[in-house]
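First comes the structure, then the notes that go with it.
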Amino acid sequence: MAVVQVVPIEERGYAHPEVLVSTDWVAEHLRDPKVRLVESDEDLLLYETGHIPGAVKIDWVGDLNDPLIRDYVDRERLQSLLRSKGINSDTTIVFYGDKNNWWATYAFWVLRLFGVTSMKVMDGGRARWEDEGRQLVTEVSKYSPGNITLGKRDDARIRAFRSDVESHIRATKPLVDVRSPEEFRGERMHMPDYPNEGALRGGHIPGARNIPWGRAVDPDAHTFRLVDELKKIYEQENGLQPDKEVIAYCRIGERSSHSWFVLTYLLGYKKVRNYDGSWTEWGNLVRAPIEKP
């Protein structure tokens with residue numbers, strides 16, 4: 001099967017094309033000591049079956065989430081993790097993963113909470129790398145400890161909590177539910193083809209628009225759509241505006257981090273937050289308002 005050809009990243013009209021790199025770029029930088037490839041997958045065992053040469057693994061469950069409370073690890077733990085991957089203060093981190101970069105953008109978003117800026121995402125993710133027949137290895141990459149220093153975590157700018165969502169509803173500001181239409185309608189509590197669990201009630205947060213995360217990706221090429229296509233989806237069809245405050249959510253915050261990435265970096269929205277409590281929190285809250293079509 002022929003690999004679907006795509007428009008070069010710099011010609012797609014993105015607000016911040018510099019945050020994406022192509023598989024060609026990655027192939028050219030496999031031995032660049034200033035670049036660290038990081039694979040982050042939903043399938044926690046996928047990295048071990050084969051990964052891009054030189055890539056390290058970040059486990060979204062064990063590495064990014066606190067083991068006791070539903071929150072992210074603290075600054076010291078995350079800094080130690082990144083240093084153990086050989087990441088220095090001048091390292092460019094390039095994320096990629098399965099599911100068209102669900103978890104790559106999730107890890108990207110978590111690191112942004114700590115002020116990390118030197119990051120990129122490999123457009124097309126693991127699927128495009130494999131489609132192109134590029135090399136995968138099973139050897140686990142090891143590096144000398146790095147020296148990256150993280151700042152104090154700042155949730156305010158890009159993360160939303162329950163109280164923020166409640167205020168957002170009262171102010172009738174735009175909410176984007178990036179789950180499947182079945183979840184949005186309350187017919188499912190989880191993604192299609194997954195166990196139907198995660199919340200006691202189905203539906204969506206009042207006033208939310210349903211814009212499934214996957215619409216931002218070309219399903220054949222696995223790459224992000226052109227900016228005109230993205231504007232049609234988010235703005236012409238759903239009325240979003242770049243100067244408005246937007247909150248995105250899904251079930252646990254990973255799919256909505258993907259939409260946060262699209263709105264923030266590809267379309268240039270300035271005020272987008274990810275509600276990572278998402279439906280597993282809202283759908284279990286006592287007396288929280290829920291809508292169904």
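The values are calculated or read from the model by the stated rules, or taken from the named source; none is laboratory data. Just so it is clear, the structure is predicted and the values come from calculations on it, not from any experiment. Positions of Cβ are generated from backbone atoms using ideal geometry, with glycine treated the same way; all protein chains shown enter the neighbour counts.
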Answer yes or no: is there a residue in region 120-132 that is crowded, with 22+ Cβ neighbours inside 10 Å, free of Cβ contacts under 8 Å to residues at least 60 places away in the same chain and not basic (Lys, Arg).
no
Is it the case that region 75-85 has a residue that's in contact with a His (Cβ under 8 Å, 6 or more places away or on another chain) and under 28 Å from Ile247 (Cβ atoms)?
no
Is it the case that some residue within region 2-16 is in a strand (DSSP E or B), assigned by TED's automatic domain parsing to the domain that holds Phe114, under 18 Å from Val217 (Cα atoms) and under 22 Å from the mean Cα position of the chain (by Cα)?
no
Breaking point among (1) outside any loop (DSSP other than H, G, I, E, B); (2) in contact with a strand residue (DSSP E or B) (Cβ under 8 Å, 6 or more places away or on another chain); (3) surrounded by fewer than 18 Cβ atoms within 10 Å (Cβ to Cβ), for Ser80:
(2)
When region 272-293 is examined, which residues are found to be in contact with a helix residue (DSSP H, G or I) (Cβ under 9 Å, 6 or more places away or on another chain), within 24 Å of Phe95 (Cβ to Cβ) and surrounded by fewer than 23 Cβ atoms within 10 Å (Cβ to Cβ)?
Gly277
Among the residues of region 134-178, what is the count of those that are in contact with a His (Cβ under 9 Å, 6 or more places away or on another chain) and either over 30 Å from Gly50 (Cβ atoms) or among the polar types (S, T, N, Q) (or both)?
6
Keeping to region 179-224, report how many residues are crowded, with 20+ Cβ neighbours inside 10 Å, under 30 Å from Thr23 (Cβ atoms) and aromatic (Phe, Trp, Tyr).
2
Residue within region 44-65 that is among the polar types (S, T, N, Q), farther than 19 Å from Phe224 by Cβ and either without any contact (Cβ under 8 Å) to a residue 12 or more places away in the chain or surrounded by 19 or more Cβ atoms within 10 Å (Cβ to Cβ) (or both) present:
yes
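Residue-wise test of (1) in the same structural domain as Lys120 (by TED's automatic domain parsing); (2) touching a residue at least 24 places away in the same chain (Cβ under 8 Å); (3) assigned to a loop (DSSP other than H, G, I, E, B); (4) more than 20 Å from the chain's Cα centre (by Cα).
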{"residue": "Pro219", "(1), (2), (3), (4)": "no, no, yes, no"}
{"residue": "Arg255", "(1), (2), (3), (4)": "no, yes, no, no"}
{"residue": "Tyr265", "(1), (2), (3), (4)": "no, yes, no, no"}
{"residue": "Gly268", "(1), (2), (3), (4)": "no, yes, yes, no"}
For region 231-252, how many residues are surrounded by fewer than 24 Cβ atoms within 10 Å (Cβ to Cβ) and either not in a loop (DSSP other than H, G, I, E, B) or not basic (Lys, Arg) (or both)?
14
Residue hits (region 14-42; touching a residue at least 24 places away in the same chain (Cβ under 8 Å), out of contact with any strand residue (DSSP E or B) (no Cβ under 8 Å at 6 or more places or on another chain) and exposed (fewer than 13 other Cβ atoms within 10 Å of the Cβ)) are His16
